[in-house]
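Engineer: Just dropping this structure here.
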Number of protein chains: 2
Amino acid sequence: MRVGLDIGGTKVDAVAVDDRGRPVERMRVPSGFGPVAVIETAATAVAGISALTGVPVNRFDSVGIGIPGMVNRASGRVDHAVNLGIEHLELGAELIDRLGIDVRIENDVRAAALGASNSLGGHGTMAYLNVGSGMAAAIVMDGRLWTGGTGIASEIGHLPVDPAGVLCGCGQRGCLETVASGFGVARQWHAGDPLPVRSVFDAADAGDPKASRIRAGLAEGIASAVRTLVLTVDADTVVIGGGVSRIGQPLLADIQGVLTRWGREAPFLGRLDLPGRVQLLTEGSPVAAIGAALIER
Amino acid sequence: MRVGLDIGGTKVDAVAVDDRGRPVERMRVPSGFGPVAVIETAATAVAGISALTGVPVNRFDSVGIGIPGMVNRASGRVDHAVNLGIEHLELGAELIDRLGIDVRIENDVRAAALGASNSLGGHGTMAYLNVGSGMAAAIVMDGRLWTGGTGIASEIGHLPVDPAGVLCGCGQRGCLETVASGFGVARQWHAGDPLPVRSVFDAADAGDPKASRIRAGLAEGIASAVRTLVLTVDADTVVIGGGVSRIGQPLLADIQGVLTRWGREAPFLGRLDLPGRVQLLTEGSPVAAIGAALIER
């Protein structure tokens, strides 16, 4: 039995999965902040899953962890997980010492991509597009995570698409992320709104022209990312996840509307059926934790 | 022994390769125009390689063919190879009938990508960016061609990067191909110049401001494609081939100059060392024909 943890800024989602990658137990614990607390929380979550399943910790086949930040998969080191108060942490080594079993560490977006692919049956080329505070992507091919030269998660959010766009925090101008992310929406909306994407959708529905513009920009930016993923890696499915995706059907309808319009304007795009390739991550399912459990060495 | 043909608009490049993918014989014949002539030329080229190697045609292990247009790899059918006067042609089936051996058909850019990867040793993730009259790409991972859902060659040239750009023939606005291709350069330069890219480089060297602008746009567009390939698939090498790449070092220096500037503006890009990942396809080597010989079923 394998265990997977999705360590987020506010909570840790933990699952045990069977040999076919299906979750058999699940629990959540609040996230700790800072290196010591993060290790403590992870160990607590594993102990919790052990109690729920009745399997002793040292009898689990492996523990896989998805965590934000830069991850060195080989060493299990995590860098720059700002939301968790981590600058550098040898998370893999610390947990192996503590738990006495195989621990595998992966970037959270890449772990979620693996989980999304598993939930779709794991065939073909799937791109997972995470639209949260930022925008990132990962590609899974026949159930295996794509690993390029550097092992970076795809920084698709930092592809510039408008030379006249705003300056992005990364130093470039007009990056997708400046319009198509939680941060991008918040930047354009009223400062201090705790749920800016939800507010923008509601205000647009009520006829607010500024909100409608921001909402349209979000959909166009996500649609651009979908087009990029199809035209570069011919993804047959693009699954959209992350906090912004929880808007649900209205967001999906906006994105598919843009892709349908582009398909009419450009017949070659129309033939590729971009609207039919897009779907939202199923809500409520612990996809990222399941993906973490499925991480291979 | 395997045979590879690269069927272009003006000539067919033919090679025989040994078990390790090294060319042992090479010849060129002028291309035929229209379905009957294309089949005839291909058969002539195979017969020529047979004569050079002393191996009877029916003793070759396979014949692989790279050809422009839309290719159905499974059936060997070719559609819309406009430069060759082909609307539809069952090239694979016709040649199997005629030669009595295994014939494999692939899109020319994808075949060239396979050849380029082979010439680099076939390790890691390599993107091949073809800048000819248009712009297209193909990705090779540990020596195997990436095949996505639809099996399209990467239409990276039709990624829009400027909402204020010119209308592209595809129906979108500001596509990379409108500035970063032979056709894109010709559109902006004096009509009727038979070698517009060469002329633009020469005129820019002589201080012509219009030529300098076009040349800068070409380098920026190619650099954008390189950035897209690195940020989506983390290509550790991007090999640039196609007619425009024959400008050679001055073009490479321009592209690397843009990437170096971007790396200074955006530190995360700088860390990815984009200039170090770019190289030009080695000139004079029959890379596309060798790649065609290496096509797998």
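Just so it is clear, none of the values below were taken in a lab; they were calculated from the coordinates. Everything numeric in this text was worked out from a predicted model, so none of it was measured. Every residue, glycine as well, gets a Cβ built from its backbone with ideal geometry; the counts of neighbours run over all protein chains shown.
Engineer: Under a point spin-label approximation (7 Å from Cα along Cα-to-Cβ), what is the B:Arg198-A:Asp61 distance to one decimal in nm?
Structural biologist: 6.2 nm
Engineer: Expressed as cubic angstrom per residue, what is the convex hull volume of the alpha carbon set of segment B:243-297? If you can, show how the numbers build up before the last one.
Structural biologist: Details: hull volume 6.0 nm³, N = 55.
Looking at segment B:243-297, the number lands at 109 Å³ per residue.
Engineer: Grab the Cα-Cα distance for B:Val24 and B:Arg261, subtract it from 0.36 nm times how many residues apart they are, and report the gain in nm with one decimal. Walk me through the intermediate numbers first.
Structural biologist: Details: separation 237, 0.36 × 237 = 85.32 nm, distance 4.28 nm.
Once the chain is fully extended between B:Val24 and B:Arg261, it gains 81.0 nm.
Engineer: Binning at 10 Å from 0, report for segment B:2-101 what percent of all alpha-carbon pair distances ends up in each bin.
Structural biologist: Histogram of Cα-Cα distances, whole percents per bin: 16, 52, 29, 3.
Engineer: Quick one: go through segment A:114-139 and flag any residue whose amide nitrogen is under 15 Å from the point 7 Å out along the Cα-to-Cβ line of A:Arg246.
Structural biologist: Once the point is set 7 Å along Cα→Cβ of A:Arg246, A:131-134 turn out to lie under 15 Å by backbone N, inside segment A:114-139.
Engineer: Every other copy gets compared here: list the nm distances from the B:Gly243 label point (7 Å along Cα to Cβ) to its counterparts, shortest first, one decimal.
Structural biologist: Between copies, matching label points for B:Gly243 lie 5.0 nm apart.
Engineer: I need the phi-derived Karplus couplings for segment B:115-129: 6.51 cos²θ - 1.76 cosθ + 1.60, θ = phi - 60°, integer Hz, Gly and Pro marked x.
Structural biologist: Per residue, the Karplus-derived 3J(HN,Hα) values read x, 5, 4, 4, 5, 9, x, x, 9, x, 9, 10, 9, 10, 10 Hz.
Engineer: With the label 7 angstrom out along Cα to Cβ, how close does B:Phe33 come to the same site in each of the other copies, in nm, nearest first?
Structural biologist: 7.3
Engineer: Separate question: Which FRET efficiency value, to the nearest 0.05, is calculated for B:Lys11 and B:Thr147 with the Förster distance at 25 angstrom and r the Cβ-Cβ distance? Kindly include the intermediate steps, with their values, before the conclusion.
Structural biologist: Details: r = 28 Å, r/R0 = 1.11.
Using R0 = 25 Å, I get an efficiency of 0.35.
Engineer: Could you list B:Val197, A:Val287 so that the one with the fewest beta carbons within 10 Å of its beta carbon is first and the one with the most is last?
Structural biologist: Details: B:Val197 24, A:Val287 29.
Placing the least packed residue first, the sequence is B:Val197, A:Val287.
Engineer: To confirm my reading of the symmetry, which residue of chain A has the Cβ nearest the axis that brings A onto B, and what whole-Å distance does it have?
Structural biologist: Reported as residue, whole Å: A:Thr232, 2.
Engineer: Projecting each Cα onto the charge dipole of chain A (Lys/Arg +1, Asp/Glu -1 at the beta carbon, about the Cα centre), which of A:Leu176, A:His88, A:Gly284 comes out farthest on the positive side?
Structural biologist: A:Leu176
Engineer: Could you tell me the extents of segment A:47-201's C-alpha atoms along the three principal axes, largest first, rounded to whole Å?
Structural biologist: Computed over segment A:47-201, the largest-to-smallest principal extents equal 56, 37, 30 Å.
Engineer: Let me ask something else. For the protein assembly as shown, what is the calculated [θ] at 222 nm in deg cm²/dmol (nearest 500), taking -39500 (n - 2.57) for each run of four or more DSSP H residues and dividing by its residue count?
Structural biologist: Working: 20 runs with 230 residues, N = 594.
Calculated mean residue ellipticity at 222 nm is -12000 deg cm²/dmol.
Engineer: Oh, and also: Going from the alpha-carbon gyration tensor of the protein assembly as shown, what semi-axes, largest first and in whole Å, does one get by taking the root of 5 times each eigenvalue?
Structural biologist: Details: eigenvalues 391, 177, 92 Å².
For the protein assembly as shown, the ellipsoid semi-axes come out as 44, 30, 21 Å.
Engineer: So for chain A, Kirkwood radius off the Cα pairs, Stokes-Einstein at 10 °C and 1.306 mPa s: how many µm² s⁻¹?
Structural biologist: Details: Rh = 19.6 Å.
Stokes-Einstein gives a translational diffusion coefficient of 81 µm²/s.
Engineer: Next up: Whose amide H sits under 5 Å from the amide H of B:Glu25, counting only residues 5 or more places off or on another chain, with H placed in the peptide plane?
Structural biologist: B:Ala16
Engineer: While we're here: In chain A, once you exclude exposed GluC sites (Glu not before Pro) (DSSP loop, at most 16 other Cβ within 10 angstrom), what's the longest stretch remaining?
Structural biologist: On the way: sites that count: A:Glu283, A:Glu296.
Result for the longest clean stretch: A:1-282.
Engineer: Sticking with this one: Over the whole of B:230-240, what's the average partner chain Cβ count within 10 Å per residue? Rounded to a whole number, please. Write down the numbers at each step before the final one.
Structural biologist: On the way: counts 6, 13, 16, 8, 11, 4, 3, 1, 0, 0, 0.
Whole-number average of other-chain Cβ neighbours for B:230-240 is 6.
Engineer: Based on the Kirkwood radius over alpha-carbon pairs, what value in µm²/s does the Stokes-Einstein equation return for the translational diffusion coefficient of segment B:122-280 at 20 °C and 1.002 mPa s? Could the numbers behind the result be given before it?
Structural biologist: Values: Rh = 15.9 Å.
Answer, rounded: 135 µm²/s.
Engineer: Have a look at the DSSP beta bridges in the protein assembly as shown and tell me what percent are antiparallel, nearest 5.
Structural biologist: Values: 62 of 98 bridges.
In the protein assembly as shown, approximately 65 percent of DSSP beta bridges are antiparallel ones.
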